[in-house]
Structures are given as structure tokens and as C-alpha cells.
Amino acid sequence: MIIDTLEQWWNALIDVTSKLVVPDWGALVNLLPIFLVVGVVGPIVSLLVLAWFIYFVRKPRLKVAFAEHRRLAPLDEHGNPVYPSGEPYSPRERAIYEPGATRPASGEDLVVACPKCGLVRKAVDDTCGNCGLSFTLTPTTRSARRAGPPPGGAALA
């Protein structure tokens with residue numbers, strides 16, 4: 001009786017081992033498309049998704065602040081408008097315009113205060129008549145690029 005039980009266990013062990021050692025090749029060939037998807041296509045798709053995610057997280061995000069075309073000048077404690085130096089403004093409208101503007105829609109010339117001496121002059125003039133400071137009001141740049149050296153390296157700057 002014990003010998004019969006041991007013989008049954010031995011036969012069961014040989015059957016399991018024979019299935020592992022000598023597999024059913026027809027069944028394994030039928031599983032080949034699944035192995036290709038899991039072993040080849042899956043890792044390629046995973047790497048592409050990972051690369052896309054890394055790019056999305058690290059991509060440069062440019063922050064561009066656009067200058068307002070026209071804004072009202074702030075008032076001081078006496079109710080008089082305060083105009084910043086170096087920015088064109090219209091005293092009649094009490095409005096400050098974006099850099100580079102020389103005329104509003106009304107057609108009058110805008111004026112600008114010199115940042116060095118404070119002399120008020122027309123915005124179309126490039127040079128201050130009092131101190132000789134030469135500066136040109138240019139419109140705020142609306143294009144953006146990453147900060148870095150110019151093409152050709154920092155030595156050209």
C-alpha cells in the first residue's frame with residue numbers, strides 16, 4: 001500500500017516534469033503573438049510614453065507679459081496723475097501708453113519724461129534736449145525665446 005502511494009506520487013511528478021521539459025510546441029507557437037506584444041511592442045510603447053512625459057515635464061515654458069496698449073495714470077494724494085519716466089503718456093487723456101507709441105487715436109503727439117534729467121519732450125524725439133541722453137522708445141517685444149548666449153557663443157556678445 002505504501003509502495004503503491006509512492007509509485008502514484010512518482011508518476012505524477014514525472015508527468016509534471018515531462019510537461020516542463022518537453023513542452024507542447026504547438027501551444028507555444030500559438031502564444032507567439034502575445035509574447036511579441038508583451039516583449040517587443042510593450043517596451044517600445046512604454047519608452048515612447050516615458051520620453052513624451054519627460055519632455056512634457058521639462059519643456060521650456062515661456063512666460064510673456066504683454067504691455068497694455070493704454071492704461072490710466074495713477075493719482076497721487078492731491079489727485080494729480082503720476083507719469084513714469086521713460087514711458088510715453090498723454091497729459092490730456094491722463095493715460096500711459098506702451099513703449100514705442102508716438103500718437104494715440106486722437107492724433108496728438110505723446111510726451112515722455114527723460115529718465116536722466118526729467119525733462120518732458122515729445123515721444124518722437126530720440127534725444128533729450130537738456131542732458132543729451134539718447135534713447136529710442138521701442139515697442140515691447142512680443143516674441144519670446146529662451147535666455148542664453150547669442151548664436152556663435154557668448155564671446156560675440
Checklist line | Of all residues making up the range 57-81, the number that are among the small types (G, A, S), at pLDDT 80 or above and loosely packed, with under 10 Cβ neighbours inside 10 Å | finding: 1
Notebook entry, point to check: If you take the residues of the range 1-35 that are of a type in the set (A, V, I, L, M, F, W, C) and outside any helix (DSSP H, G or I), which of them is most open to solvent (accessible area, probe 1.4 Å)?
Noted result: M1
Notebook entry, point to check: If you scan the range 36-49, which residues turn out to be aliphatic (A, V, I, L, M), surrounded by 10 or more Cβ atoms within 10 Å (Cβ to Cβ) and within 29 Å of the chain's Cα centre (by Cα)?
Noted result: V45, L47, L48, V49
Check: Looking at A51, is it among the hydrophobic types (A, V, I, L, M, F, W, C) and modelled with pLDDT under 90?
Finding: no
Note to self: For the range 113-139, which positions are under 16 Å from H69 (Cβ atoms) and either among the small types (G, A, S) or open to solvent by less than 70 Å² (accessible area, probe 1.4 Å) (or both)?
What the structure shows: A123, L137
Note to self: The conditions are (1) at pLDDT below 85; (2) open to solvent by less than 70 Å² (accessible area, probe 1.4 Å), and P84 fails exactly one of them. Which is it?
What the structure shows: (1)
Note to self: Give all pairs with beta carbons closer than 9 Å in which a residue from the range 10-21 that is free of Cβ contacts under 8 Å to residues at least 12 places away in the same chain meets a residue that is open to solvent by 100 Å² or more (accessible area, probe 1.4 Å) and assigned to a helix (DSSP H, G or I); count only pairs at least 6 apart in sequence or on separate chains.
What the structure shows: none
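The values are calculated or read from the model by the stated rules, or taken from the named source; none is laboratory data. Everything numeric in this text was worked out from a predicted model, so none of it was measured. Cβ coordinates were reconstructed from backbone atoms using ideal geometry, including for glycine residues, and neighbour counts include every protein chain displayed. Side chains are part of the model used for accessible areas, which takes the heavy atoms of the whole protein and leaves out ligands, DNA and RNA. Shrake-Rupley method; radii C 1.70, N 1.55, O 1.52, S 1.80 Å.
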